Amino acid sequence: MSRLFPRTDRSLLANWWWTVDHALLAGLLLVVLAGVIVVFAASPPVGSLRFNDPHYFVLRHLVFVIPALALLFFCSLLSPLGVLRLAKAMAAVGGLLVVAALLFGPEVNGARRWLRLADFQLQPSEFVKPALAVLTARIAASRPWPRATLETLVLVGAFAILLALQPDLGMAALVLATAGLQLFVAGLPWLVIGALALLGGLGAAAAYALFPHVAARIDGFLAPPAEFSQIERALEAVASGGLFGRGPGEGVVKFTLPDAHTDFVFAATAEEFGILACLLLVALFAFLLLRGMWRAGAAVDRFCQIGAAGLAGQLGLQALVNMAVNLNLAPTKGMTLPFVSYGGSSLLALGAATGCLLALTRTRARLEAVR
């Protein structure tokens with residue numbers, strides 16, 4: 001690439017190439033490639049069952065991967081100020097669409113989280129999630145901690161309430177945890193961090209008391225039911241895969257587990273490609289998290305530092321929740337494995353989020369302050 005973009009080249013692409021973090025970019029592209037391979041192996045049975053086409057989800061995944069990569073590239077070209085402006089637009093438009101989904105969206109499994117656009121179901125909250133991380137970074141970087149804490153709680157809390165009404169408490173918990181992480185990075189006093197943690201615990205207790213499906217999932221996790229559950233199928237798939245797996249396309253859990261290509265894609269990966277492949281996935285996500293945090297720590301501008309930490313932490317937390325559910329280490333929650341699970345809205349939003357992460361961790365970005 002040095003021949004294609006010599007250091008004397010001052011074009012937009014050359015400037016991008018010499019300032020973007022190559023290791024972080026390579027890790028993201030590897031995860032995207034892993035997702036294509038896994039969806040190709042895990043999705044044919046459900047595609048045949050639902051649409052009489054074994055390649056239905058494979059082709060749609062590829063269709064969404066292309067614009068997701070385009071978004072990743074476009075957003076990574078932005079300056080820190082451009083990232084902030086994009087986040088404001090995503091939060092404003094996405095917030096309105098979240099309300100629209102709540103009021104007019106189709107009900108799926110008792111929840112209203114989507115808007116139907118032709119044959120595509122848009123989940124607006126996926127786009128608001130990274131936007132909130134950027135806006136929280138702006139607040140934390142430009143306000144003293146009492147005001148920053150209050151404004152963050154108002155902003156993120158309002159969105160979390162909308163999510164609870166859908167209901168989507170897993171997403172609400174993720175955005176709240178991301179905001180808490182960012183306030184910690186911003187240097188809040190330990191007493192305030194402890195108070196926020198206590199508030200989060202009270203919120204979790206309230207969710208258990210007020211939402212029957214949350215109570216059922218937690219109770220099922222603590223005292224598994226006698227009947228054969230999805231989690232037991234997932235654990236059986238993990239155990240049967242061994243070190244090297246049954247082989248691509250040879251797994252059987254995808255025939256009985258309807259979410260093998262989405263929520264339980266980690267279990268499907270273990271069965272078909274083996275525990276070693278799963279460990280490589282874990283290592284890859286750990287690398288993305290640690291590399292993103294390291295680049296955030298190297299930033300000079302506090303907005304870039306807190307924003308990059310929030311976006312990297314959000315990616316890592318989502319991956320951790322999905323893998324923990326697949327291994328029965330956490331109550332079941334419909335949360336995808338970033339870039340690996342099949343998904344339209346999720347892929348597009350992740351493309352934008354990781355593009356913003358790359359933009360905030362660029363060498364030049366670390367020298368630009370958002371005023």
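The values are calculated or read from the model by the stated rules, or taken from the named source; none is laboratory data. Here the structure is a predicted model, which is why all the values come from computation and not from measurement. Methodologically, a virtual Cβ is constructed for each residue, glycine included, from the backbone with ideal geometry; neighbour enumeration extends over all protein chains shown.
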**Prompt:** Do you know which of the residues in the stretch 342-367 that are crowded, with 24+ Cβ neighbours inside 10 Å and among the polar types (S, T, N, Q) is modelled with the lowest pLDDT?
**Reply:** T361
**Message:** Looking only at the stretch 123-172, how many residues end up being hydroxyl-bearing (S, T, Y) and free of Cβ contacts under 8 Å to residues at least 40 places away in the same chain?
**Reply:** 1
**Evaluation of V58 against (1) under 22 Å from A359 (Cβ atoms); (2) within 21 Å of the chain's Cα centre (by Cα) (one fails), failing number** = (1)
**Prompt:** Going through the stretch 225-282 one residue at a time, which ones are closer than 14 Å to P44 by Cβ, acidic (D, E) and touching a residue at least 40 places away in the same chain (Cβ under 8 Å)?
**Reply:** E272
**Asked** Based on what the data block shows, is V325 surrounded by 19 or more Cβ atoms within 10 Å (Cβ to Cβ), in a helix (DSSP H, G or I) and of a type in the set (V, I, T)?
**Response** yes
**Prompt:** Within the set of pairs 6+ apart or on separate chains, which have a first residue in the stretch 312-324 that is under 21 Å from A131 (Cα atoms), a second that is hydroxyl-bearing (S, T, Y) and modelled with pLDDT of 95 or more, and C-beta atoms under 8 Å apart?
**Reply:** G313/T178; Q314/T178; L315/T354; L317/T178
**Complete:** Cβ pairs under 8 Å, 6+ apart or interchain, first in the stretch 291-306 and in contact (Cβ under 8 Å) with a residue 12 or more places away in the chain, second among the β-branched types (V, I, T) and in a helix (DSSP H, G or I), ordered by first then second residue, are A296/V185; A296/I306; Q305/V185; I306/T136; I306/V185
**Prompt:** Pairs, please: C-beta under 9 Å, at least 6 apart or cross-chain, first residue over 15 Å from T262 (Cβ atoms) and without any contact (Cβ under 8 Å) to a residue 60 or more places away in the chain and in the stretch 36-65, second among the acidic types (D, E) and in a loop (DSSP other than H, G, I, E, B)?
**Reply:** L59/D53
**Asked** Here are R291, R233: which of them is of a type in the set (K, R) and modelled with pLDDT of 95 or more?
**Response** R291
